[in-house]
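Report on one structure; see the data block that follows.
The values are calculated or read from the model by the stated rules, or taken from the named source; none is laboratory data. No experiment lies behind these values; they were computed from the predicted model shown. Don't worry about glycine lacking a Cβ; one is built from the backbone with ideal geometry, like all the others, and counts go over all protein chains shown.
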Amino acid sequence: MSEKRVTVTCADCNLSETFDSLGTAREFVEDHRTETGHEPTWQLPELAAGVQRAGDEAGVCGRPGCTDTDSPLYRGEE
């Protein structure tokens, strides 16, 4: 059995779930946002700091506060 690696939490309802895959966690986050209007967060402890920074700069998380629009990795608004 694989080790669970993605943790999703929601401060609004004290939710905490762990998932084996990023895709499943992402679906859960979107469903929770749609169903409750809450903004859950996730933690990916296995990613190296450089990978997390590159994802932030590219705008992967979708939050304006962590996106670096001056970065060559930034993909723009969809």
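Are any of the residues in the range 67-77 at pLDDT below 90 and of a type in the set (Gly, Ala, Ser)?
yes
Which one of Arg33, Arg63 is surrounded by 11 or more Cβ atoms within 10 Å (Cβ to Cβ) and at pLDDT below 90?
Of the residues listed, the single one that is surrounded by 11 or more Cβ atoms within 10 Å (Cβ to Cβ) and at pLDDT below 90 is Arg63.
When you scan the range 4-30, how many residues do you find that are farther than 21 Å from Gly55 by Cβ, of a type outside the set (Ser, Thr, Tyr) and surrounded by fewer than 13 Cβ atoms within 10 Å (Cβ to Cβ)?
Residues in the range 4-30 being farther than 21 Å from Gly55 by Cβ, of a type outside the set (Ser, Thr, Tyr) and surrounded by fewer than 13 Cβ atoms within 10 Å (Cβ to Cβ): 4 in total.
From Glu57, Glu39, Glu46, which residue is assigned to a loop (DSSP other than H, G, I, E, B) and at pLDDT below 90?
Only one candidate passes the filter, namely Glu46.
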